[in-house]
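These notes are about the structure you will find just below.
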Amino acid sequence: MTPPSLGLPHLSLLARQSGRPKLRGGGRTNEQTNVNKSQPVVHANRLSASMKRVQALRGAVEQSRAAEGLPVLPAAGPMLLRVDPDADVDYIRSSFGLEVVSEQENGFVVAVTPDFDFSKLEQCVDKFVKGKRGGGSAAKLYELYGQDEAVLRPERLLSEGLYALWPRIVEDGIYLVDIGIECLGSVELPDPPEKKEEEEDSRFLNRLAAWQRKRDAVYVKWDELKMEREELLERFVNAYEGEIVSNVDGGVGGFSELPDRFTARVRISGRGLRDVVLNMPYVFEVVEPQDVMSHPGLSAVRTAGAQSVAILAPSDDAPRVCVIDSGIQEEHRLLSAAIDTAVSLSYVPGDPDVSDRVRPGGHGTRVAGAVLFPFSIPVTGAVAAPFWIQNARILNEENQLPKGLFPPSTLTAIVERLNSSSPSTKIFNHSVSSYFPCRLRHMSAWAASIDMLSAVHDVLFVQSAGNLPALETRTNRLGIINHLQSGRTYPRFLLEDSCRIADPAQSLHALTVGSIAYGAPHSGDHVA
């Protein structure tokens with residue numbers, strides 16, 4: 001049979017197939033795992049000693065907390081494991097009865113034990129020693145660590161900046177941090193069924209309906225876990241007279257929720273922060289709020305040649321583009337006809353003004369101009385604007401994100417408000433990014449929220465990749481000149497960590513855009 005051309009007549013496809021990928025080979029077993037298999041009794045004794053040490057430590061921690069009047073810890077407790085770095089971690093749930101919170105580099109796994117009797121793990125170790133089926137996973141578990149590892153745990157939960165600050169955390173100091181909590185538990189979502197060859201439709205639909213019931217039950221369990229763990233975090237925070245930060249003015253909460261986790265912006269004392277990091281289960285990361293890349297010293301765009309042009313309003317059914325930025329000079333003569341003023345809103349805490357006060361020339365104003373006039377500014381005649389521009393202000397007059405504004409929940413509020421209107425908004429321009437390169441260990445809550453909003457609401461985020469500074473202005477953020485002076489020439493220096501795209505440009509669903517230029521182009525009356 002000749003397959004369809006798919007609009008590419010110059011390509012002749014020989015066959016088309018669909019189905020699951022067939023993967024071959026599992027690679028070689030890790031050397032340490034082989035050693036453990038060859039010495040089952042020695043390895044089992046080492047694991048048993050680790051379990052007893054962790055149990056004893058837990059008892060001592062609970063006793064000291066009770067004496068100091070600290071929050072009561074839940075039955076579940078945090079752990080750090082070192083496992084075979086080449087093996088899938090699913091066996092940690094199925095064979096050991098532990099909950100996987102986060103996979104880390106070099107075989108470390110942040111985990112949670114539902115209790116500290118380790119009954120399922122001990123059964124696995126016993127089978128391993130006796131050579132029985134179901135015990136092989138014990139060879140892939142190298143070490144267990146409890147809260148006694150006060151260095152290993154912070155190193156794997158904290159951002160680079162907070163980890164550097166960790167030894168100098170002041171107990172009575174106040175810190176603003178974003179805390180990520182895992183919410184999958186030990187419940188796994190089964191793979192959806194696939195229709196078999198020659199299977200009757202009625203039978204497949206019955207199997208599909210059964211899977212959907214299991215899926216819905218898993219979603220319910222995840223929601224329950226999320227609510228329980230939100231309450232747990234609130235108890236920890238309240239015990240230290242902290243707070244979950246929320247942007248009350250914009251009606252935006254301090255939680256960012258995804259199916260497998262939530263992130264909360266928290267203001268808490270140094271003592272409370274230490275307790276959360278070392279003792280609270282389910283925490284997979286703690287990071288500081290990010291400063292965004294500002295663009296000082298930009299000159300205003302010259303539009304003297306466009307004095308005689310008349311910009312007309314777009315048609316009623318023209319697309320809406322929301323500019324999430326520093327606000328817009330809505331009365332600008334080249335923009336005013338296209339501004340959908342009815343939906344303009346500031347999310348800056350305590351500042352309802354939607355105008356662009358960034359000097360000189362504004363930032364969101366220029367972004368709006370680039371949306372309307374991407375190639376050139378018309379200079380004569382009457383020109384209808386192609387889009388409606390909607391103004392969502394999140395940056396202050398310093399072109400910075402206020403610390404009380406939590407980007408994930410703020411973006412959620414913006415999209416849900418404008419996408420539910422009629423006509424709905426489908427394009428969101430987000431020319432805001434962190435000063436620092438994106439982290440590689442976890443997808444940030446900021447980027448993950450963009451992915452979730454894109455998938456759930458069928459919207460497109462146009463996201464800036466971020467800028468590289470000319471010279472280093474902060475630690476670990478080398479500029480272009482620094483790279484050149486070190487012998488890293490263009491384009492090789494772009495492969496360096498300091499040149500990685502900025503958070504949240506690592507979002508998978510966003511259309512991330514950027515450019516490389518040696519200078520500012522001049523074209524007539526336009527200066528980019």
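The values are calculated or read from the model by the stated rules, or taken from the named source; none is laboratory data. Because the structure is a prediction, the values reported are computed rather than measured. So basically every Cβ, Gly included, is an ideal-geometry build from the backbone, and we count neighbours across all protein chains shown. Only protein heavy atoms, including side chains, enter the accessible area calculation; ligands, DNA and RNA are left aside. Shrake-Rupley method; radii C 1.70, N 1.55, O 1.52, S 1.80 Å.
All of Ile450, Ile414 fail the test of being among the aliphatic types (A, V, I, L, M), in contact with a Phe, Trp or Tyr (Cβ under 6 Å, 6 or more places away or on another chain), assigned to a helix (DSSP H, G or I) and under 29 Å from Pro469 (Cβ atoms), apart from Ile450. Regarding Val177, is this residue assigned to a loop (DSSP other than H, G, I, E, B) and under 30 Å from Cys438 (Cβ atoms)? No; evaluated as a whole, the condition is false for this residue. Scanning for something assigned to a strand (DSSP E or B) and in contact with a strand residue (DSSP E or B) (Cβ under 9 Å, 6 or more places away or on another chain), does region 145-156 turn up at least one residue? Yes, region 145-156 has at least one match. Is at least one residue of region 413-423 under 19 Å from Ala502 (Cα atoms), surrounded by 18 or more Cβ atoms within 10 Å (Cβ to Cβ), of a type in the set (A, V, I, L, M) and touching a Ser or Thr at 6+ places or on another chain (Cβ under 6 Å)? Within region 413-423, none of the residues are under 19 Å from Ala502 (Cα atoms), surrounded by 18 or more Cβ atoms within 10 Å (Cβ to Cβ), of a type in the set (A, V, I, L, M) and touching a Ser or Thr at 6+ places or on another chain (Cβ under 6 Å). Taking the criterion of being open to solvent by 70 Å² or more (accessible area, probe 1.4 Å) and either in a loop (DSSP other than H, G, I, E, B) or acidic (Asp, Glu) (or both), the residues of region 71-83 that qualify are Val72, Ala75. Residues that are in contact (Cβ under 8 Å) with a residue 60 or more places away in the chain, in a helix (DSSP H, G or I) and under 10 Å from Leu468 (Cβ atoms) within region 480-512 comprise Ser498, Cys499, listed in sequence order. Pro192 falls short on exactly one of the conditions (1) under 25 Å from Leu98 (Cβ atoms); (2) touching a helix residue (DSSP H, G or I) at 6+ places or on another chain (Cβ under 6 Å); (3) open to solvent by 40 Å² or more (accessible area, probe 1.4 Å), and that condition is (1).
Pairs linking a residue in region 201-213 that is over 15 Å from Pro190 (Cβ atoms) to a residue that is surrounded by 12 or more Cβ atoms within 10 Å (Cβ to Cβ) and of a type outside the set (D, E, K, R), with Cβ atoms under 8 Å and 6 or more positions apart or on different chains, are Phe204/Pro193. The set of residues from region 381-395 being polar (S, T, N, Q) and touching a Lys or Arg at 6+ places or on another chain (Cβ under 8 Å) comprises just one member, Gln390. Restricting the first member to region 52-70 and to residues that are outside any helix (DSSP H, G or I), and the second to residues that are among the small types (Gly, Ala, Ser) and open to solvent by 40 Å² or more (accessible area, probe 1.4 Å), the beta-carbon pairs closer than 8 Å and six or more apart or on different chains are Leu70/Ala239. When restricted to residues that are open to solvent by 20 Å² or more (accessible area, probe 1.4 Å), at positive phi and not in a loop (DSSP other than H, G, I, E, B), region 103-144 contains 1.
For region 198-206, the condition holds for no residue, the condition being that it is at pLDDT 90 or above, hydrophobic (A, V, I, L, M, F, W, C) and not in a helix (DSSP H, G or I). For region 271-290, filtered to residues that are assigned to a helix (DSSP H, G or I) and aliphatic (A, V, I, L, M), the residue that is surrounded by the most Cβ atoms within 10 Å (Cβ to Cβ) is Leu273. Of all residues in region 360-413, count the ones that are among the hydroxyl-bearing types (Ser, Thr, Tyr), more than 30 Å from Arg267 (Cα to Cα) and touching a residue at least 40 places away in the same chain (Cβ under 8 Å). Total meeting the criteria: 2. Looking across region 108-132, just one residue is under 21 Å from Met443 (Cβ atoms) and in contact with a Pro (Cβ under 6 Å, 6 or more places away or on another chain), and that is Val112.
Here the condition is being modelled with pLDDT under 90 and assigned to a helix (DSSP H, G or I); of Tyr219, Tyr163, it holds for Tyr219 alone.
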